[in-house]
1. Give me the strands (runs of 3 or more DSSP E) completely within region 93-188, filtered to those with at least 2 residues that are farther than 15 Å from Asn65 by Cβ and without any contact (Cβ under 8 Å) to a residue 24 or more places away in the chain, ordered by residue number.
2. All but one of (1) surrounded by 18 or more Cβ atoms within 10 Å (Cβ to Cβ); (2) more than 28 Å from Gln28 (Cβ to Cβ); (3) in contact with a helix residue (DSSP H, G or I) (Cβ under 9 Å, 6 or more places away or on another chain) hold for Thr170, so report the exception by its number.
3. Enumerate the pairs (first residue in region 16-43 and closer than 21 Å to Ser145 by Cβ and crowded, with 17+ Cβ neighbours inside 10 Å; second residue anywhere and modelled with pLDDT of 95 or more and of a type in the set (Phe, Trp, Tyr)) with beta-carbon separation below 9 Å, excluding pairs fewer than 6 apart on the same chain, so at least 6 apart or on different chains.
4. With the structure loaded, tell me whether Glu80 is surrounded by fewer than 17 Cβ atoms within 10 Å (Cβ to Cβ), more than 14 Å from Val175 (Cα to Cα) and under 15 Å from the mean Cα position of the chain (by Cα) or whether it fails that test.
5. Would you mind stating whether Phe157 is among the aromatic types (Phe, Trp, Tyr) and farther than 16 Å from Gly81 by Cβ?
6. Tally the residues that are closer than 13 Å to Arg108 by Cα, of a type outside the set (A, V, I, L, M) and at pLDDT 85 or above, restricting the search to region 133-146.
7. For region 147-161, enumerate the residues that are at pLDDT below 70 and among the polar types (S, T, N, Q).
8. All but one of (1) more than 19 Å from Thr158 (Cα to Cα); (2) in contact (Cβ under 8 Å) with a residue 60 or more places away in the chain; (3) more than 15 Å from the chain's Cα centre (by Cα) hold for Val74; which doesn't?
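The values are calculated or read from the model by the stated rules, or taken from the named source; none is laboratory data. A quick note: this is a predicted structure, and the numbers were derived from the prediction, not measured. Here the Cβ positions follow ideal geometry from the backbone for every residue, glycine too, while neighbour counts run over all protein chains shown.
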Amino acid sequence: MKNKLLLLIVMLTAVSGCSTMTTVEKEQKRSELDTMAEKAIAGLIEQDAGIKMKLDESLGYAVANMKLTKVPIVGAGGGEGVFVDSKSQQRIYFNVTRLDIGGGWGARSFKVLLLINDQAMLERMENKSIWEFQAGAEASAGTASAEGSSSDLNAGFTMHVLSDGGASVTVTARVIRIKVNSALTKDQ
């Protein structure tokens, strides 16, 4: 019994020790997220040239790569992204978790651009964790999408969505958590 316990402890230690990213892996992941953000912004500007002016005037922006699956009553999704302070050009990398309750069906992937227009919202984005509660409706098929949510009422930011693919129709209440990825953000 002691040998099994010792073996279990050694295995857990080895697994947890392997979960730390190396400096090269961190740099590669940051580069991937920065490239994703640049491509998403370019795609959104291609759809609406006015976004460029809004981006230039914003205090900062965040771009997230999201995946979402919805079945009747519940849905869940997540992603990761980068927040950029326009003045300092400081980058904060983050993870997103989303839980939906309500009607709908489907799965999709998309990019989200948040343009920060308010100092208080900018400071919220720089914190370790943000919780956002919303209600909304979304529909997408392929790269076409339409959505509206209670976040549209927030004067602190505007949200723009670039659909990657999939299909879904939802009407939900949702909880979104944005949490700073400390491993990627520190030691830049």
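1. On the way: elements: 129-141, 144-149, 157-180.
Answer list for region 93-188: 144-149.
2. (3)
3. Partner pairs satisfying both residue conditions: Ala37/Tyr61; Ile41/Tyr61.
4. On the way: surrounded by fewer than 17 Cβ atoms within 10 Å (Cβ to Cβ): no; more than 14 Å from Val175 (Cα to Cα): yes; under 15 Å from the mean Cα position of the chain (by Cα): yes.
Answer is no for this residue.
5. Details: among the aromatic types (Phe, Trp, Tyr): yes; farther than 16 Å from Gly81 by Cβ: no.
Taking the combined requirement at face value, the residue does not satisfy it.
6. Keep residues of region 133-146 that are closer than 13 Å to Arg108 by Cα, which gives 138-146.
Now restrict to residues that are of a type outside the set (A, V, I, L, M): 138, 140, 142-143, 145.
Right, trim to at pLDDT 85 or above and you get 138, 140.
Residues in region 133-146 being closer than 13 Å to Arg108 by Cα, of a type outside the set (A, V, I, L, M) and at pLDDT 85 or above: 2 in total.
7. Going residue by residue through region 147-161, those that are at pLDDT below 70 are 151-155.
Once the filter is applied, which keeps residues that are at pLDDT below 70 and among the polar types (S, T, N, Q), region 147-161 yields Ser151, Asn154.
8. Failing condition for Val74: (2).
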